[in-house]
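FYI, it's all coordinate maths here, none of it is from the lab. This one's a predicted model, so the numbers in the text were calculated from it and none came from an experiment. Methodologically, a virtual Cβ is constructed for each residue, glycine included, from the backbone with ideal geometry; neighbour enumeration extends over all protein chains shown.
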Amino acid sequence: MPKVLMDGNSAIGEAAIRAGCQCYFGYPITPQNELIEYMATHLSRRKGCVFVQAESELAAINMVYGASVVGARAMTSSSSPGISLKQEGISYLAACELPAVIVNMSRGGPGLGSIAAAQSDYFQATRGGGHGDYRTIVLAPSSVQELADLTIRAFDLADKYKIPVIILGDGVLGQMMEPVEFKQEAPAVLPVREGSLRGAKGRPSKIIKTFTSNPAELEEINWSLFRRYGLIKKQETTFETFMIDDAKLVVVAFGIAARIAKGAIRNVRAEGLKVGLLRPITLWPFPDEAVKEVVKNVNHFLVFEMNMGQMLEDVQLSLEGKGEVSFYGRPGGVIPTPSEVSRVISRLYYQKGLK
Amino acid sequence: MKKVYAHPKSLKRAVFHYCPGCGHSIAHRLICEVIDEMGLQDKTVGIPPPGCSVFAYHYFDVDMAECAHGRGAAVATGIKRACPDIVVFTYQGDGDLAAIGTAETIHAANRGENTTTVFINNAVYGMTGGQMAPTTLRGMKTTTTPYGRDHVIEGHPIKMSEMLAPLEGVAYIERVAVNSPANIRKAKKAITKAFQMQLDKRGFSMVEILSPCPTNWKMTPIQAWKWVDDEMSKIFPLGVYKDVTEQKSAD
Ligand SMILES: Cc1ncc(C[n+]2csc(CCOP(=O)(O)OP(=O)(O)O)c2C)c(N)n1
Ligand code: SF4
């Protein structure tokens, strides 16, 4: 299929349609408005498909919950403050083992923050985010093409593991334009998940619930969730490495920060510094085995994030005390340049005596 | 011999956990009778809320999906939009519908969602132990208004039927009570009509039920039933607040 030039938000919308997304529910917030508008323009016109501009993010995520109850592929999107409001619903989706795709084009916080790109929702995304013991799969694309590809993967993962999947992007990814290729057509027939609730025709009635007065029953539900999470970790952890083979220093970065880091690494490589990149694509499950593999040959790590050091903790946990970890971060929606990051890298490189 | 009562098919044979004299059990039975009579058991999805009726799925023998406190109308929207052939009803208390879920309720009604809401107004938060509800009457003592609800501090009892009826998406709203055989018969008629509105795709329908909570009203069941007539229905008058049956259908 030919490539088209598209902004990241719209690319998610188009990819979702091609993934068989039947329902989109959203509430406007910058920097993801192109997505809700894309769905209003394109999804709403498709046969059997549903677009609703909800009265709030709370309502939107609960509409997703309803659509998921009846087995439809459903999605919502927002940015940081709106994602906070969705946490109640995400916790219920996780508890009820209902698939859903949630896009967070995150922006600077805390509070209303700024509308500029930030990565400060890493903790919220990777630790469950709402109340209770649960996880969501978190995918972190770093290009418009990857936004499209991971959107399709998000729907498949959500259905396969009956779990909410978060696509964690940011304002830059959502709004920048790049060529993108869509590798599949929208399905002719909208998928309906097996075992969903559509009325007890020819079978006993079914219940979807989270509440129980029996803690032992709830404990069993939690155990079973975490058994599934173990499986997801084994089967679905993904990451990318870049110029890592001869590296003496490895930068760990995700999403748009990884994109900036690549530019910085190219700069310092030109000066003869042996620096590589490890980019987690699934933030949960975090590629801790990949970090453990890298530290066998590399002692120095630089975690670079557009926040005050959140993924940093996962890198440290994965290293189990091995290696040396430094951190560089810019919070609040400030976007560092590749040359700024190159300077940080080379300073560290020389300080650690790697040259 | 004429059969005057049978256990509804869509009501499971479980023992209700509700207190003696509680309106929830009557409301459950009425909904099940209506579902049976209208032949909806195999195409209905019910949405019970957190509240005393959180376990409603133990009683309704239809597909049931629990939802978060107050979000019933949004969940119903998602279900009905994704699958318009399903008959959807939410079952909500006054804390659920008229406090934490007010926004979802108003907007679902305003969008004219083809869904049915059974709204149990018992003037208190039953499940959490009898705190003030938005519908608590002025002067009424609850665990969080131990000196009686003072409208200067706590505001006035909120009248959801009156508030929602003017919205153009609303097809049918009636306030009924389940405190006497005559009222119970009327309540059943209202529930039937509400479901019919949904089947006819006329828009949002709601039946508000004044429902005794003897436990938290600190009354006997008989006193509670009487209190519905003497006090509650003075503030929440029974009757039809909206009915578009005679109007031309929008489509
Ligand atoms: C977000 C959230 N806040 C609070 C609660 C606690 N809670 C459960 S039911 C309820 C209110 C119940 O009152 P009502 O809706 O009137 O129903 P009733 O129990 O009287 O039938 C509350 C506050 C909750 N479950 N979720
Ligand atoms: S507390 Fe009130 S509403 Fe709850 S079951 Fe008892 S009587 Fe019914």
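Under 21 Å of direct C-alpha separation, and excluding same-chain neighbours fewer than eight residues apart, B:K141 reaches these lysines: B:K159, B:K218, B:K226, B:K234. As a proxy for reagent exposure, ranking B:W217, B:W227, A:W284 by other Cβ atoms within 10 Å from fewest up yields B:W227, B:W217, A:W284. Taken over the C-alpha atoms, the stretch B:33-76 has Rg and Dmax values of 10.9, 30 angstrom.
Distance from the C-alpha centroid of the stretch B:131-184 to that of the stretch A:141-210: 41 Å, rounded to the whole angstrom.
The Rg/Rh ratio for the stretch B:188-245 is 1.11, where Rg is the radius of gyration of the alpha carbons and Rh is the Kirkwood radius.
Can you give the FRET efficiency for B:M38 and A:M308, using 1/(1 + (r/R0)^6), R0 = 60 Å, r = Cβ-Cβ distance, to the nearest 0.05?
Computed FRET efficiency for B:M38 and A:M308 comes out at 0.55.
In the elastic network of chain B, a GNM with C-alpha springs shorter than 10 Å, the most mobile of B:P221, B:P146, B:P48 is B:P146.
Projected onto their three principal axes, the Cα atoms of the stretch B:1-152 cover extents of 51, 43, 23 Å, largest first.
Structure remark: mean-square fluctuation, Gaussian network model of chain B, C-alpha springs under 10 Å; the largest value among B:T142, B:T117, B:T128 belongs to B:T128. Neighbour counts of other Cβ atoms within 10 Å put A:F254, A:F211 in the fewest-to-most order A:F211, A:F254. Take the convex hull of the alpha carbons in the stretch B:24-250; its mean projected area over all directions comes to 11.4 nm². Exposure proxy for A:H42, B:H28, A:H131: other Cβ atoms within 10 Å of each Cβ, ordered fewest to most, give A:H131, A:H42, B:H28.
For the listed residue pairs A:K160/A:K183; A:K86/A:K206; B:K9/B:K43, the alpha carbons are over 18 angstrom apart in A:K160/A:K183; A:K86/A:K206. Note on A:Y350 and A:S84: their simple-model spin labels are 4.2 nm apart, each label 7 Å out from Cα toward Cβ. With 24 Å as the limit on Cα-Cα distance, the pairs of A:K201/B:K12; B:K12/B:K189; A:K209/B:K201 that go past it are A:K209/B:K201. Diagonalising the gyration tensor over the Cα atoms of the stretch B:129-250 and scaling each eigenvalue by 5 before taking the square root yields semi-axes of 30, 18, 10 Å, largest first. Shape analysis of the stretch A:240-351 yields a ratio of the Cα radius of gyration to the Kirkwood radius, Rg/Rh, of 0.92. For chain B, averaging the sequence separation of C-alpha pairs within contact (under 8 Å, six or more residues apart) and dividing by the residue count gives a relative contact order of 19 percent.
Between A:K47, A:K233, A:K322, the Gaussian network model of chain A with springs among Cα atoms under 10 angstrom shows the greatest mean-square fluctuation at A:K47. Using C-alpha pairs under 8 Å with a sequence gap of at least 6, the mean separation divided by the residue count of chain A gives a relative contact order of 18 percent. Over the stretch B:70-184, the fraction of Cα-Cα pairs per 10 Å bin, rounded to whole percents and listed from the shortest bin up, is 14, 40, 32, 12, 2. Once the C-beta distance of B:V240 and B:R185 is scaled by a Förster radius of 22 Å, the resulting FRET efficiency is 0.90 to the nearest 0.05.
Simple spin-label estimate for A:R269 and A:A40 gives 4.3 nm between the two label positions (7 Å along the Cα-to-Cβ direction from each Cα). Here the ratio of the Cα radius of gyration of the protein assembly as shown to 2.2 N^0.38 Å is 1.09.
Computed from point charges on the beta carbon alone (+1 for Lys and Arg, -1 for Asp and Glu), the dipole magnitude for the protein assembly as shown about its Cα centre is near 800 Debye. Here, P(r) means the percent of Cα pairs in each 20 Å bin from 0 to the largest distance; for chain A it is 31, 55, 14, 0. Evaluating 6.51 cos²θ - 1.76 cosθ + 1.60 at θ = phi - 60° for every residue in the stretch A:266-278, the Karplus couplings come out as 4, 4, 6, 4, 4, 8, x, 7, 8, 10, x, 9, 10 Hz, glycine and proline recorded as x. Express in % the proportion of alpha carbon pairs of the stretch A:117-173 at distances exceeding 16 Å. That fraction is 45 percent. Considering only chain A, what is the antiparallel percent among its DSSP beta bridges, to the nearest 5? Around 25 percent antiparallel, to the nearest 5.
Our compactness index for the stretch A:187-301, the C-alpha radius of gyration over the empirical 2.2 N^0.38 Å, is 1.69. The 3J(HN,Hα) values that the Karplus relation (6.51, -1.76, 1.60; θ = phi - 60°) gives for the stretch B:193-202 are, in residue order, 4, 4, 5, 4, 4, 5, 4, 7, 6, 8 Hz. Gly and Pro appear as x.
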